[in-house]
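FYI, it's all coordinate maths here, none of it is from the lab. The shown structure was predicted, so the numbers you read here are calculated from the model rather than taken from an experiment.
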Amino acid sequence: MPFDYELDYSQLDLRKNPELYRVGKGEQGVLLVEPYKGEILPYWRFKTPDIAAESAQKIYDLFEDYRKADDFVGMDMARKFIQMGYTRARRYTNHKGGRKYNEDGTEKEREIDPVKAESAAVFKGWWDKIRADEDYLRRKKAHQKKYG
């Protein structure tokens with residue numbers, strides 16, 4: 001079931017109402033779902049590989065904290081932030097300033113930034129680890145079966 005953009009997430013606490021959470025595709029809702037956005041976003045950084053490594057480790061630690069608390073929504077939100085670390089760092093790798101399109105809507109020429117590419121690789125490693133985590137995958141399937 002797709003992520004539900006019709007809900008007023010500013011008024012919801014999805015830790016108290018996990019039944020309202022939909023995994024969706026990719027990073028859908030990553031900057032909406034509270035209280036997780038507020039808990040994870042302050043640690044999300046990718047300017048340099050060292051900053052990315054510290055960020056990804058902290059977000060993965062939160063992923064594990066959510067697991068210990070039996071909080072799948074938190075686990076999935078941590079996964080989304082790690083995935084977004086990869087995708088945004090890749091965008092900045094390919095496009096200076098992170099802007100993919102010119103003002104006229106045409107795609108900008110790629111300019112490879114090796115520092116951002118390293119940052120992206122850091123997040124990709126953690127994202128791959130989560131995608132291979134059998135416990136996470138079981139919880140995801142169970143949440144989707146129960147709530148859609």
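Structure above, values below:
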read-out	value
Kyte-Doolittle mean at least -0.5, axial Cα span of 18 Å or more - DSSP H helices of the chain	114-131
For Asp4, residues with placed amide H under 5 Å, excluding near neighbours	Arg22
Relative contact order computed over region 1-143 (Cα-Cα under 8 Å; 6+ residues apart), in percent	23 percent
The chain shape via C-alpha gyration tensor axes, a/c threshold 1.5	prolate
20 Å Cα-Cα threshold exceeded, pairs from Lys16/Lys68; Lys16/Lys140; Lys25/Lys108	Lys25/Lys108
